[in-house]
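Read-outs: derived from the displayed coordinates by stated rules, not from any lab. Keep in mind that this is a model prediction, so the values were computed, not measured. A quick note on method: Cβ atoms are made from the backbone with ideal geometry, for glycine too, and the neighbour counts reach across all protein chains shown.
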Amino acid sequence: MIRTEGLVVRAGEFTLRDISIDVKAGGYALVIGPTGSGKTTLLEAIAGLSPPMAGRVWLHGEEVTLLPPEERRLGFVYQQYHLFPHLSVRDNIGYGLAGPRQNHDREARIAEVAGLLGIESLLDRGVARLSGGEQQRVALARALAPRPAVLLLDEPFAAVDPATRRVLRRELRLLHEREGITTLQVTHDFEDALRLGDHVAVLSEGRIVQQGPPEEVFRYPNSTFVAQFVGAGNVLAGVVEALAPAEGNPPRFRALFHTDGLTLDLLAEREGPAHAIVRPEDILVSREQHQTSARNRLEAGIVRLERLGPVTHVYLDAGRPLVAAVTTASAEEMALKPGERVAISFKAMAVHLV
Amino acid sequence: MTDPSRWTRPLLALLGGVLVLFIVGPILRLLLMATPASLGQALADPEVRQSIGLTVLAATAATLLGLGLGLPVAYLLARRTFPGARLLQGIVELPVVIPHPVAGIALLLFLGRRSVVGGALGRLGLEFVGHLPGIIAAMLFVSVPIAVSAAREAFAGVDPRLERVARSLGDGPWQAFRRVTLPIAGRGILAGALLAWARSVSEFGSIVIITYNPKVASILIYDRFTVDGLGGAAPIAVLLLLLALGTFILIRALQPSRSR
């Protein structure tokens, strides 16, 4: 487990205050916040790499607040990986295995972790010419090799291209399921939280403004900041059913997404359980249903209107709660009011699966 | 309108050519003075051999001493901000601007028999004026800024997060320094140390004041020049030049290729 209580950390020009996080053993938690919100410093404080000004830290059931990092039994992966440039991939992975350990054990563990991450073929190379994804895997392998009790990840996907990011995300999730290491990741990408985490904490101006299961935070943001930051919205748990064979590159197929009270048209890459996301600004609100190219055309009741300057969020009930974003000018022109029925539509391509 | 490159290029080529000639010319001229016979004769001279040996020994001692004293300071300056950091850095770099005879006189006053420090060390058997320790002290004074600056830059070039990763992998602070920081900064530190060593070998102005005898190579050259003239000084000068060129090639080989 990873637990902090009332942690106060100085991060550059500002201070993180009263950070209390609780990740149960084997859990995967994410702290999300904008760039420069002190996420890295928070991880460093938990790792003992940067001293907190106040508060306490527990790892795997022990209080470690006063322990130096080398005694905390943790793995730490920085955003830029920070592989040791003077060592081969093998020696990077084996770095934390040095010491009294037998050479044979060391080699066996290096091979095991490299196998886990699919980087056996890289072992004898230097680290200078590795791709971003390869560096990421080596950094993870290096952190995992000494069998840490907890894993701390700093924006692990920020420095790789989107395609690699998707692959790595999937791998990391499998790895977590397999190894069961309690993991805390910081990210600025809410998609990471939806795909990976079972707990998410949103950091803003040095404080945690909301935490809970990712779906809940996504669906019920408790402040405008959280709503805007996580991209406010429509996240629906459900199942994908294919309607046609896949084609194109990447291969996609027409499909239906079944969720409680609602069925959506979409293009999908895989079948089975998934989360569908529809961004509020992709939902068109009109008085009457027009003939359009949008595959998803629904009737909905207006529950509530929330004006955020030039943008107004329209909270709807379409069998499932949905939120649409329209310009405040349009909302006024159409004289939208709570209790009224409206027509909403969005394209199949506006439904994103995660 | 004339294309400015039509006259700037030849002008730059001319200026560059003059500069190169100005540096390479004297060096080549001196090398041409040397015949295998004259060099052999110079090497056969026991005073020359002793003098070069003394120079190499003293410069090596000064460099090692400079590293021992300077590396911790260099690391501190590269890694931490603390009150007085700028002052400390200024002090360490100060000898660069002090004229060498001035440094020699200052060292003489500080380490001489009649000074507090020199007197105390003298009673412990450590004599500076007119002895090897005096040469080493003078060399250390003029060369330590070079070693410390180079080491500071080399340390600053090692991302502190690499050390933190090492700590998270079970290293204590000293282990992380030894296994990560030092190997990565090593080339830069070594290049700086060689530069400091070459600077020590070339020192004349301060040594001539604190320890004229036994003579280091630069003083022997001066001594032979005043007594025997150019013919007596040149072969020894060539030997010292060859030593310096060898060191220079080593330093260049250590520097990363991008700055070459």
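General remarks:
- Taken over the C-alpha atoms, segment B:35-81 has Rg and Dmax values of 18.5, 58 angstrom.
- By the beta-carbon count within 10 Å of each Cβ, the least crowded to most crowded order of A:1, A:53, fewest first, is A:53, A:1.
- Cα-based equivalent ellipsoid, segment A:234-353: semi-axes from gyration tensor eigenvalues, Å: 28, 14, 12
- Residue by residue along B:157-165, Cβ atoms of other protein chains within 10 Å of the local Cβ number 6 on average.
- Helix-only [θ]222 nm of chain A, DSSP H runs n ≥ 4, -39500 (n - 2.57) each, per residue, nearest 500: -7000 deg cm²/dmol
- Among A:338-350, A:186-198, sorting by the average number of other beta carbon atoms lying within 10 angstrom of each residue, highest first, gives A:186-198, A:338-350.
- Förster radius 41 Å - calculated FRET efficiency between residue B:7 and residue B:93 (Cβ-Cβ, nearest 0.05): 0.50
- The stretch between residue A:128 and residue A:15, if pulled fully straight at 0.36 nm per residue, gains 37.1 nm over its current Cα-Cα span.
- Net charge over other residues, Cβ less than 15 angstrom from the Cβ of residue A:30 (K, R count +1; D, E count -1): -3
- Cα Rg over Rh - segment A:300-354, Kirkwood: 0.98
- With the Kirkwood sum run over all distinct C-alpha pairs, chain A has a hydrodynamic radius of 22.3 Å.
- Pairwise FRET efficiency - residue A:112 versus residue B:20, Cβ, R0 = 56 Å, nearest 0.05: 0.40
- Stretching the chain fully between residue A:215 and residue A:256 yields a gain of 12.7 nm (0.36 nm per residue, less the alpha carbon separation).
- In terms of packing, defined here as the mean over residues of other Cβ atoms within 10 angstrom, the peptides A:68-80, B:49-61, B:142-154 line up highest first as B:142-154, A:68-80, B:49-61.
- Global geometry of segment B:165-223, whether rounded, prolate or oblate, following the gyration tensor of its Cα atoms and the 1.5 cut on a/c: prolate
- The alpha-carbon positions of segment A:1-68 define a convex hull whose volume is 76 Å³ per residue.
- Ranked list, fewest to most other Cβ atoms within 10 Å of each Cβ, for A:151, B:109: B:109, A:151
- Each of B:89, A:31, B:140 was placed along the dipole of the protein assembly as shown (beta-carbon charges, centred on the mean Cα), and the one lying farthest toward the positive end is B:140.
- Candidates B:227, B:117, B:20, ranked by Gaussian network fluctuation over chain B, Cα under 10 Å, top entry: B:20
- Once C-alpha pairs closer than 8 Å and six or more residues apart are averaged by separation and normalised to the residue number of chain A, the relative contact order reads 15 percent.
- A crude spin-label estimate for the pair residue B:41 and residue A:54, with each label 7 Å from Cα along the Cβ direction, gives 8.5 nm.
- Alpha-carbon centroids, segment B:181-229 and segment A:258-290: separation in whole Å: 79
- Annotation: the antiparallel percentage among DSSP beta bridges lying fully within the protein assembly as shown is about 80.
- Segment A:38-91 versus segment B:132-165: alpha-carbon centroid distance in Å: 29
- The protein assembly as shown: proportion of alpha-carbon pairs further apart than 44 angstrom, %: 46
- Check: chain A dipole with +1 on Lys, Arg Cβ and -1 on Asp, Glu Cβ, in debye: 220
- Residue order, fewest to most beta carbons within 10 Å, for B:91, A:283: B:91, A:283
- Applying a DSSP loop filter and a limit of 16 other Cβ atoms within 10 Å to the trypsin sites (Lys or Arg not before Pro) in segment B:76-131 leaves B:80, B:113, B:114.
- Tail fraction, Cα-Cα pairs, segment A:79-196, threshold 18 Å, whole percent: 49
- Segment B:56-215: projected area of the alpha-carbon convex hull, averaged over directions, in nm²: 10.3
- For residue A:24 and residue A:120, the FRET efficiency from 1/(1 + (r/R0)^6), where r spans their Cβ atoms and R0 equals 35 Å, is about 0.60.
- Amide H contacts of residue A:252 (H built 1.01 Å from N, under 5 Å, at least 5 apart or other chain): A:247
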